[in-house]
Structure formats: C-alpha cells, structure tokens
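One structure is given below, encoded as structure tokens.
The values are calculated or read from the model by the stated rules, or taken from the named source; none is laboratory data. Keep in mind that this is a model prediction, so the values were computed, not measured. Counting neighbours? That spans all protein chains shown, and the Cβs are built from the backbone with ideal geometry, glycine included. We work out accessible area using only protein heavy atoms, side chains counted, and drop any ligands, DNA or RNA first. Shrake-Rupley method; radii C 1.70, N 1.55, O 1.52, S 1.80 Å.
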Amino acid sequence: MTTAFEPFELAGIPLANRIVMAPMTRNRATEEGVPTPSMVRYYTQRASAGLIITEAAQTEPVGRGYPLTPGLHTPEQLAGWRAVTDSVHAAGGRIFAQLWHGGRIGHPVLLPDGLVPVGPSAVAAAGQGFTQEGPTDFVTPRELTGEEIAATIAGFATAARNAVEAGFDGVEIHGANGYLIHQFLAPNANLRTDEWGGSDEARARFAIEVVRAVADAVGAHRTGLRLSPGNPFNDIAEPAPETTYTTLIEAIAPLGLAYLHTCDVRDPDLLARLRKRFGGTFLLNPATDGRPTGPEELGLVEEGEADLLAYGALFLANPDLPRRLALGGPFNTPDRASFYGGDDTGYLDYPALEG
C-alpha cells in the first residue's frame, strides 16, 4: 500500500514525500512585488514538503489582484525569488511558482500608470476585494481585445521562463478560484461570441493556449495546472462545467504535464472523470467542511484517490507538517487574523517540534 510519506518522482524530479504545500497568498512582498527576506525564511522553514507551490505571482502588472503580492516580471522580483529558491534547495526542498493573473479581480488603486483590471468581458464581479485602502467594490473590467489576449498568453510564457531563471523547479498555472483563466472558462464572466467565447469549446480555448505556451516555454515536465470546476469563489457561476473542462483536459493531456491540481468542489465524480482523461499525476486539494486538511485525508493517497495531497492552512501553521502528520500530531492552530499581511507574527513564529 502506498502512503503519503513515500518518495515520488514528479516528471523526473524526485520528491521526498507526497505531501504538498498548497499555494497560499500571504501579502508579505514589497509594494513593488519583490519577495522579501521574511519570505525566504517562510518557504525554507517548510522545505520538508515533498513539493512547495508558492503563493500566486502575477505575470504582469495589470494582473495584480491584491496588495503586497509578488510578481515574476521584473529583474528585482526575479532576484528576490532567486534568494527563495536557493535557500529552499539548500534545505533539500523542491519548489514550483504559481503563475497568476487576477483579471477582473483587482482594483485600479492596486495598479500602476492608470491601468484598470481586464477580463474576457466587461462584466464586474459581485462583491468586494482587498486593497491598501481596505475592502473595495470590484470595478467593471475592460474587455481584452484579441491582440491583448495573445499578449496575455505570451506574458504567462515569459513569466514561466522568468521562474525557471529564478531557480524554480517548475511552475503551476493558476486556472482556478475565479481569476482570469477561470473567468474565461465561466459563462457568467465570459460573454464573448468570438473564438474566445460563446461555446464550451471556445471558453476553454484561453486556458488551453496558456498551457501550451507555458509548456513550450519551459517544458511540459515543468508545468502544472490548477483548476476548480464549479467553484463559485469570486462570483463565478458554472452550472454545467463538464463539457468545458473535458474539452480543456482532452486538449492538454497529450502534452504530458507534470501534474493536474484540482480543488475538490464536491463533485468527486467529475474530478474522477477529469483525472482519467488527464492520465498523469493527480494532485488533490480535498474538501474538508471548513476545517484545515489534516491527518484524516492521508488515506486519499493510500486509497489511490490522489498521487499527491495538498495541505494549506495546516502547513501555514506547522512548518514541519510532514513530520507531524507521520507522528499523528500535535498540530499548531492556524491564526486566521495573521493570514494576510502584517509583520512576521503569525508568519515565521510557528514552532517546529523539538527533537
């Protein structure tokens, strides 16, 4: 029987175990999107993960969705990330960068030079986002032109090359949780009637082209994709997602990506069908009814429901999480008040087990 504590080879990259640190936005970069020395220490503390997937890093300035998030589009950002990757590797870890474009999830006050958020269509998301001025209503995005869509796809590829230059072992494309790629997939956010919308197949095209561009840029073996079919986060409505996601998976499966990362949105039958069509390494972020993913989920690997298992909040609070899981605990309790922004309190001060 395979357990989550056994080694795994991820597209030629040896992982010490099958426990993955999920991408988690922490809002601790500089105003310019440069990773800080505290971020170096934060990720290095968690190098015992089989694989670390970083917090989302915007591929270009207009893709910034929240304050103090890191980027992968300036020399200074790459230098900051190089300090992170060098330190994680020195500690024996493996690390992928998550590539992100917020799309309509953002606000002009977050963006430089008079930029405004963009999206597949000029449809504002309901609700509020977080800015340096506090909670702020989402604005109506500017609809991307065909030329701008091509440039945005190229921006993902450039960011992927930048990530490899900065020392990452690979990249994960963020196609989930209501951000730009997910907006193209969702019929309530994508009202286009050209080749980028109007049908299930056309809505899948942007995601497909981004994956192909990134795989061409850095190699499919260095490329993962995160999806969350049917996830309503950030005002997404996908009442019948199967055809769109089946089209997407069937198009990218022949590429031989490093992995498919799915958020469990309580449709296990759909996830099982997508996994079968993908045919490669399957990374699962399981649904846990509002509590952090914990030792109860280890059996998903043993039962063959996932090849790799993503842990979020529990990894945030337990830098030595694989060891604690192997011992059955104890576990530090995540402090939600310090999740987003602030100083090193609730960021670097969670203790590891002694001995």
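Results, tabulated for the structure shown:
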{"item": "Hz values of 3J(HN,Hα) by residue in segment 180-196 - Karplus curve (6.51, -1.76, 1.60), Gly and Pro given as x", "result": "3, 4, 5, 4, 5, 6, 8, x, 7, 9, 10, 9, 5, 10, 9, 6, 10"}
{"item": "Assigned charges on the beta-carbon of Lys, Arg, Asp, Glu; segment 190-278 dipole about Cα centre (debye)", "result": "360"}
{"item": "Charge dipole of segment 83-236 about the Cα centre (unit charges at C-beta), most positive-ward option of Val214, Gly134, Gly224", "result": "Gly224"}
{"item": "5 angstrom amide H check on Thr131, placed H, neighbours 5+ away", "result": "Thr136"}
{"item": "Cβ-Cβ FRET estimate between Arg266 and Thr193, R0 fixed at 25 Å, reported to 0.05", "result": "0.20"}
{"item": "Segment 169-255: translational diffusion in µm²/s, Stokes-Einstein, Kirkwood Rh over Cα pairs, 10 °C, 1.306 mPa s", "result": "123"}
{"item": "Whole-angstrom gap from segment 236-300 to segment 20-81, using each part's C-alpha centre", "result": "24"}
{"item": "Volume per residue that the Cα convex hull of segment 214-355 spans, once the total is divided by residue count, Å³", "result": "157"}
{"item": "Mean projection area, nm², convex hull over Cα of segment 156-205", "result": "4.0"}
{"item": "Karplus (6.51, -1.76, 1.60) ³J(HN,Hα), θ = phi - 60°, over segment 3-19, in Hz, Gly and Pro reported as x", "result": "10, 5, 9, 7, x, 9, 9, 9, 6, x, 9, x, 10, 5, 7, 9, 9"}
{"item": "Listed residues Thr74, Ile153, Asn17: farthest to the positive end of the dipole of the chain (Cβ charges)", "result": "Asn17"}
{"item": "Shape box of the chain [Cα atoms, principal axes, largest first, Å]", "result": "60, 43, 36"}
{"item": "Asp349-Ala122 FRET efficiency (beta carbon distance; Förster radius 51 Å; 0.05 resolution)", "result": "0.70"}
{"item": "Relative contact order %, the chain, counting alpha carbon pairs below 8 Å whose residues are six or more apart", "result": "16"}
{"item": "Along each principal axis, Cα extent of segment 33-182, largest first, Å", "result": "46, 33, 27"}
{"item": "Estimated [θ] at 222 nm from DSSP helical runs (n ≥ 4, -39500 (n - 2.57)) normalised by residues in the chain, nearest 500", "result": "-9000 deg cm²/dmol"}
{"item": "Dipole in debye (nearest 20) - the chain, about Cα centre, beta carbon charges: Lys, Arg +1; Asp, Glu -1", "result": "300"}
{"item": "Helical segments meeting 20 Å axial Cα length and Kyte-Doolittle -0.5 threshold in the chain (DSSP H)", "result": "75-90, 146-165, 200-218"}
{"item": "Relative packing of 21-31, 297-307, 215-225, which averages over residues the other C-beta atoms within 10 Å, highest first", "result": "215-225, 21-31, 297-307"}
{"item": "By accessible area with a 1.4 Å probe, ligands and nucleic acids excluded, highest first: order of Ser121, Ser38, Ser48", "result": "Ser48, Ser38, Ser121"}
{"item": "Within the chain, percent of DSSP bridges classed antiparallel, to nearest 5", "result": "20"}
